[in-house]
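Working notes for the structure below.
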Amino acid sequence: MANRSGVWRCGICVFVLTFGVIAFRAQAQETSPSGAAGAGVAASKAGVPNRDQKITGVAVIIKVDSAGENPVFEADGYRIRMATNPATPITFAGKLKTLADVEPDTWIRFEGVRDQSGTVVAQSAHFYPSGSRKVLTVMGPKKMKREPDYQPVTQESLLDADGHLVSAHTKVRLSDSGGPCGWHRVPADASLQERVRRVGMKVLPEYQKQLPQGAPSRIPFRFYAVTDDRVRSAIACNEGLILVPRNVLELLKSDEQLAAVLADAVAFHLVRQLSTLTPAQLGTDVGAEAVSMIPALFPAGYIAGESVAGLLNYEQRARVHRECARIALQLMADAGYDPWQAPEAWRALARKDVPTPEGKYQLDVLNRQYRKTGNGNGR
């Protein structure tokens, strides 16, 4: 038993180091100046890569935009086109053998540069199947258990950090709330709750909706409106639970702006599934600077779109926020919402004395990857 425990601990260390190096390199490539003047320098400072900069990442594929000899995948907030030629090394793991086997819920580790349309042309790519909840159990803050299904709110209730509803008259200790996620009061407003659930389910990637109940990579997404004046955003909690304070709903001007906030929280849950991949899948390219990366994926409650100033591991958490911001735009566009409304949503939620770096970052991404059309969701 002790030997088995030691093997797990060793595997976890390899995973932490591997993921950290990937993120560290991606961050360095996203923020390094290219020497260009004007808008290019400004974009580099904002964390948006210029076209001649290499972009790297590891992420789940949420959609196949086009198949064939040169398929295009949506992952990590980018459209990634495979250039199938001898100069582009493409490798596969597990049951995956060719590009024809790659579908949503497959993971990609990629490196490439943008073309004039903003699409990343892959210079190398490695594909591997989705991970296992067993790894997430080991890596997570506590032992995973079966999450409750979505429960319609028929009366004012209290909600815990796992998504269990209890009577509003239940005596609970707020000190045991579990951070910003636990023991929220849930208003019995049927139209309000249905709106949050409807918009939330719409921005989910289609592959997640189609996964069977017992699939290891299925996330049991549940969306609730709650009462909490302390937070001006959505909160991503344990395994698919997403909460939206009522005051946030009052500040947002449309379903599209609500979709922006919910999509950011959905993106975080997708990003966090990186922890379900094994060290063997990711490889052993490690570095000492990566040790502190994993805590950024397991906060007590991820606050969608908020600045992370003052938190531990600032850079690591900032990288997670930027990745979620990119993926959120992709989720909005795929759902038919106008991604250009995302920066407006953060502007609406910002306090007068607080800047909106996430909105600025998303605006740069929009200018590089999206075009404005009638409903704004063109690419």
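Under 5 Å between amide hydrogens, built in the peptide plane, is the criterion, and for Gln53 it picks out Arg114 among residues at least 5 positions away or on other chains.
Spin-label model, Arg351 to Arg368: label points 7 Å out along the Cα-to-beta-carbon direction sit 3.1 nm apart. Here the simple spin-label model places points 7 Å from the Cα toward Cβ, and for Lys95 and Ala215 these points are separated by 1.2 nm. Electrostatic tally near Ala259: other residues with Cβ closer than 13 Å to its Cβ, Lys and Arg +1, Asp and Glu -1, net -1. One chain, two ends: Arg198 and Val166. Fully extended at 0.36 nm per residue, the span grows by 9.3 nm beyond their Cα-Cα distance. Taking amide H as placed 1.01 Å from N in the peptide plane, Gly131 has no amide H partner under 5 Å among residues 5 or more places away or on another chain. The phi-based Karplus calculation (6.51 cos²θ - 1.76 cosθ + 1.60; θ = phi - 60°) puts the 3J(HN,Hα) values of the stretch 317-330 at 5, 4, 5, 4, 4, 5, 4, 4, 4, 5, 5, 4, 4, 5 Hz, whole numbers, x for Gly and Pro.
Residues whose amide H comes within less than 5 Å of that of Ser124, counting only those at least five positions distant or on another chain, are Glu111 (H built at 1.01 Å from N in the peptide plane). Highest mean packing first, where packing is the average number of other Cβ atoms within 10 Å per residue, the peptides 262-272, 190-200, 318-328 line up as 262-272, 318-328, 190-200.
For the pair Gln116 and Thr84, what calculated FRET efficiency results from E = 1/(1 + (r/R0)^6), where r is the Cβ-Cβ distance and R0 = 25 Å, to the nearest 0.05? Walk me through the numbers on the way to the answer.
Numbers: r = 20 Å, r/R0 = 0.81.
With R0 = 25 Å, the Cβ-Cβ based efficiency is 0.80.
Since every read-out is calculated from the coordinates, none of them should be taken as a lab result. Given the structure is predicted, the values throughout are model-derived calculations rather than measurements. Cβ sites come from the backbone with ideal geometry, for glycine too, and all protein chains shown count toward neighbours.
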